[in-house]
Every structure is written in structure tokens, then in C-alpha cells.
Amino acid sequence: NAGVTQTPKFQVLKTGQSMTLQCAQDMNHNSMYWYRQDPGMGLRLIYYSASEGTTDKGEVPNGYNVSRLNKREFSLRLESAAPSQTSVYFCASRGQGEYNQPQHFGDGTRLSIL
Amino acid sequence: AQKITQTQPGMFVQEKEAVTLDCTYDTSDQSYGLFWYKQPSSGEMIFLIYQGSYDEQNATEGRYSLNFQKARKSANLVISASQLGDSAMYFCAMREVSGSARQLTFGSGTQLTVLP
């Protein structure tokens, strides 16, 4: 009953370091998403992947890259971390078909950049 | 202009009473969907309820219902018989047909506190 799994759950980085946030889903969903959540601002879309092999920018893509490794996995990379990227990062997935299908979220990664 | 507006940063309700959380939206699409998510202090995002723009009836899911007023572009969440476990942040979100991957746009949320 895993759903969407994100690793790590917590991470502290120094400015300029790089890291990759991992996300995997076991629901055979086509679409996957990365959001960031900052206090008072709700969730904002960073990147998304409508299907395996495709990725597109969302509302706040600067400073990030993504890879849709296969249907299950969608990773988010910070090449040179900045304090402004301190946030909680959520991965989500959604299947095709019915329009009322919600996105299913992972538990989030709490990232602090010093 | 913001696509989703939640004007109540914080709300308090007495246990067992009903509470309405406001959400207004802005879209030029005729076909769209509205979602509500709950985020407890533990941080996960929990899907609560969905309303489609063409749905003739207001959505209901257990103690959750949507007061959908299409002409006013509002989709307020009503929680009946509040419980202490309902204390959480609540987000309204919209999916527009024009989004290629049906991505969601979120409001800034309402922090609900249920008082014993």
C-alpha cells in the first residue's frame, strides 16, 4: 500500500551543493508532478511529466531539473542549491482516464539550504 | 490574477459544529474540476472531495460537502459535525482542461482549528 514514496524525508544542504530528490509510485500512473510548498503560498508546480519520456516546466522551474527515469520514477535535481530553495517538496502522481481522478501525494521532503 | 483564492488564513470552530471554508476561483475554461485537500500537522496531503464544473449536484463525501456556485465561481467546503481530528490546513485546488497534464493550481490554504 505504498502509493507515492519520496526519499529522503529530511535533508540539510549547504549553499552550492547539489542533490537529487527521488520519487517513485506503484500505481501505474502516467502523470507525475513536483511541487514546492512555502509558508502562506500553498503548493506551486515546479515540473511535471505527462507520460514516460516527457517533462515540462511548471510555475517555478528555475534552479531545478527533472528526469522521468521510467514510468514509476520521477526525480528532481538541484544543481547548485540556494537558500531560496528551502522548502517542503512534494511529488504527486495521477492516472489517466476519469477526469475526477485526484493527484496522489507523497509525504514530502523537508529541505533546508544553509 | 490569482486563480484560486482562499480568503480565510485561519478559522476556529467548536467541536460538533459545522464550518464552511471559502474558495473562489478564476478560469475561462468551461470544463474544469475543483478539489479539496487536507494537510494535517504531520504534513501529508489527503484528498477529500471533487466537484466537476458540469456536475449538476453538489459533491458529498461523508461529513464533507461542496457548496458549488458556478455563476459566482465559488466552491466552498462544508465540514459537518467537526471533530478534533479535523484540525488541519485545507487547500482548494483547480484543474483546468487547458493544462496538458491536468496539473493542479492551489490556493494558499485555510488553517482550521477545532476547539473542544
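The values are calculated or read from the model by the stated rules, or taken from the named source; none is laboratory data. Just so we're clear, the structure is a prediction, and the values are computed from it rather than from any experiment. Methodologically, a virtual Cβ is constructed for each residue, glycine included, from the backbone with ideal geometry; neighbour enumeration extends over all protein chains shown. In case anyone asks, the SASA skips ligands and DNA or RNA and just uses the protein heavy atoms, side chains included. Shrake-Rupley method; radii C 1.70, N 1.55, O 1.52, S 1.80 Å.
The table below lists the values:
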{"quantity": "Residue within segment B:8-20 that is assigned to a loop (DSSP other than H, G, I, E, B) and without any contact (Cβ under 8 Å) to a residue 40 or more places away in the chain present", "calculated": "no"}
{"quantity": "Matching strands (runs of 3 or more DSSP E) fully within segment A:37-108 where at least 2 residues are surrounded by fewer than 16 Cβ atoms within 10 Å (Cβ to Cβ)", "calculated": "A:64-68"}
{"quantity": "Test: residue in segment A:13-25 that is surrounded by fewer than 19 Cβ atoms within 10 Å (Cβ to Cβ), of a type in the set (V, I, T) and more than 8 Å from every other protein chain (Cβ to nearest Cβ)", "calculated": "yes"}
{"quantity": "Filtered residues of segment B:24-47 (kept if touching a residue at least 24 places away in the same chain (Cβ under 8 Å), within 16 Å of B:T105 (Cβ to Cβ) and open to solvent by 40 Å² or more (accessible area, probe 1.4 Å))", "calculated": "B:T24, B:D26"}
{"quantity": "Conditions (1) within 10 Å of another protein chain (Cβ to nearest Cβ); (2) over 21 Å from A:R44 (Cβ atoms); (3) among the hydroxyl-bearing types (S, T, Y): number failed by B:Y32", "calculated": "(2)"}
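Let's see how each residue does on (1) away from chain B (no Cβ under 13 Å); (2) under 21 Å from B:F91 (Cβ atoms); (3) not basic (K, R):
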{"residue": "A:V66", "(1), (2), (3)": "no, no, yes"}
{"residue": "A:R72", "(1), (2), (3)": "yes, no, no"}
{"residue": "A:F90", "(1), (2), (3)": "no, yes, yes"}
{"residue": "A:Q101", "(1), (2), (3)": "no, yes, yes"}
